[in-house]
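Undergrad: Have a look at the structure that comes next, please.
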Amino acid sequence: VDINIDGIGNIYLLAETTSVDFPTPNQQPANLNGGRDIAVVKLNPTGNTIIFSTFIGGSLDEWITKLNRDSNGNIYITGGTLSTNFPTPNGLQQTFGGGADDAYLVKLNPIGQIIYSTLLGGTGDEAAYDIEINSNNEVYITGGTSSANLSTPNVYQQSYGASGDAFVAKYNTDGSQLIFFTYLGGNGGDNSTGIALDAANNIYVFGTTGSENLATPTAFQQNHAGGGDAFVAKLTPSGSGLVFFTYLGGSSGESVGKGIAVDVVGNVYLTGYTDSAD
């Protein structure tokens, strides 16, 4: 599902597995926990030695979407779980929120031991799709939610929109505090699959939307064009202000992945696909 390489060439792989014989040297726990678990694997630079390989999961299915690393070599993964017993050592939210699935954020040390693992979920459904880490090793995740009971005070959007909202959440370095959680959604369905930061820690999110009431006055595209449009939004570092929100779409549907990047002068680069001829 995802791959990452550190400064000395070690290779980090993120996968989903149902195999009870998946290779797991130097691993805790040693057994597959449910129907489909997460597998995190670290290989040496030549690819001929597994430094560690570990399962993470509960009694039902998990899926994973993104792996990232901080400046100390710690590893972060995010995705979604159906398991009410998903492992949450040192987690801020250790209890399954409700609905069919919760998002999760797991931090592992460089040898594959869990530093913390937390759920993120309310009474509806959640999944997270991307992770970003700032220079202070604070962690941002983005995804989608249908829960109306999740927001924190003093954020851009404290109230749930409708039919599923995108969200942005920020955690402190040790995962003990949710610094902020903001909805990002309107009168239709919204979901965010990509996140990036600029040098000033402004937050850029990328996703799809069916909402018709979201664009800012100076946006490149102020009107929803049809189907599900892509969108790009920029939030202030505190999560309390919206710098811009623009649609990006035509008369048919657009879909996006996790492909968002910001350069040193704040230009934003995106990738996805479209069914729109216009």
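Undergrad: Determine ³J(HN,Hα), in whole Hz, for all residues of the range 33-49 in sequence, where each value follows from phi through the Karplus function 6.51 cos²θ - 1.76 cosθ + 1.60 and θ = phi - 60°; x replaces Gly and Pro.
TA: 8, x, x, 9, 10, 7, 10, 10, 10, 10, 10, 6, x, 8, x, 9, 9
Undergrad: Working with all protein chains in place, sort L119, L92 by solvent-accessible area computed with a 1.4 Å probe, largest first.
TA: Sorted by accessible area, descending: L92, L119.
Undergrad: Further, regarding this structure: Where does the range 121-278 land on the Kirkwood hydrodynamic radius, alpha-carbon pairs, in angstrom?
TA: After inverting the mean inverse Cα-Cα distance, the result is 15.4 Å.
Undergrad: Using a Gaussian network model of the chain whose springs link C-alpha atoms within less than 10 Å, name the residue from I114, I75, I50 with the highest mean-square fluctuation.
TA: I50
Undergrad: While we're on this one: If I model a spin label as a point 7 Å beyond the Cα along the Cα-Cβ vector, how far apart are those points for S59 and E212 in nm?
TA: The two pseudo-label positions are separated by 4.6 nm.
Undergrad: Please identify, among V20, V256, V41, the residue showing maximal mean-square fluctuation in a Gaussian network model of the chain using a 10 angstrom Cα cutoff.
TA: Comparing V20, V256, V41 in a Gaussian network model of the chain, the most mobile one is V20.
Undergrad: How many percent of all Cα-Cα pairs in the range 139-214 sit more than 19 Å apart?
TA: Distances greater than 19 Å cover 32 percent of the Cα pairs.
Undergrad: Hey, any idea what % of the chain's accessible area is carbon plus sulfur with a 1.4 Å probe?
TA: With neighbouring chains kept in place, the figure for the chain is 50 percent.
Undergrad: Given a Förster distance of 22 Å, report the FRET efficiency between I11 and Q113 from their Cβ-Cβ distance, rounded to the nearest 0.05.
TA: E between I11 and Q113, to the nearest 0.05, is 0.70.
Undergrad: At q = 0.14 Å⁻¹, work out log10 I(q)/I(0) for the chain with the Debye formula, treating every Cα as an identical point scatterer and leaving solvent out; two decimals please.
TA: Debye curve over Cα of the chain, log10 I(q)/I(0) at q = 0.14 Å⁻¹: -0.97.
Undergrad: Moving on to the next point. Let me check against my output: what whole-number percent is the relative contact order of the range 19-162, with C-alpha pairs under 8 Å and at least 6 apart?
TA: Relative contact order for the range 19-162 comes out at 17 percent.
Undergrad: On a straight-distance basis, which aspartates and glutamates could pair with K234 in a cross-link, Cα separation under 17 angstrom, same-chain partners fewer than 8 positions away excluded?
TA: D130, E132, D165, D190, D198, D263
Undergrad: Now for a different question. I51 to T236: FRET efficiency via 1/(1 + (r/R0)^6), r the Cβ-Cβ distance, R0 35 Å, to the nearest 0.05?
TA: About 0.35, to the nearest 0.05.
Undergrad: Taking a temperature of 37 °C and a viscosity of 0.692 mPa s, what whole-number D in µm²/s does Stokes-Einstein yield for the range 211-268 with Rh from Kirkwood over alpha carbon pairs?
TA: It diffuses with D of about 265 µm²/s by this estimate.
Undergrad: What FRET efficiency comes out for S276 versus N136 if R0 is 35 angstrom and r is the Cβ-Cβ distance? Round to the nearest 0.05.
TA: Between S276 and N136 the formula returns 0.30.
The values are calculated or read from the model by the stated rules, or taken from the named source; none is laboratory data. Note that this is a predicted model, so its numbers are computed, not measured. Virtual Cβ from ideal backbone geometry, glycine too; neighbours counted across all protein chains shown. SASA here: full protein model, heavy atoms, side chains in, ligands and nucleic acids out. Shrake-Rupley method; radii C 1.70, N 1.55, O 1.52, S 1.80 Å.
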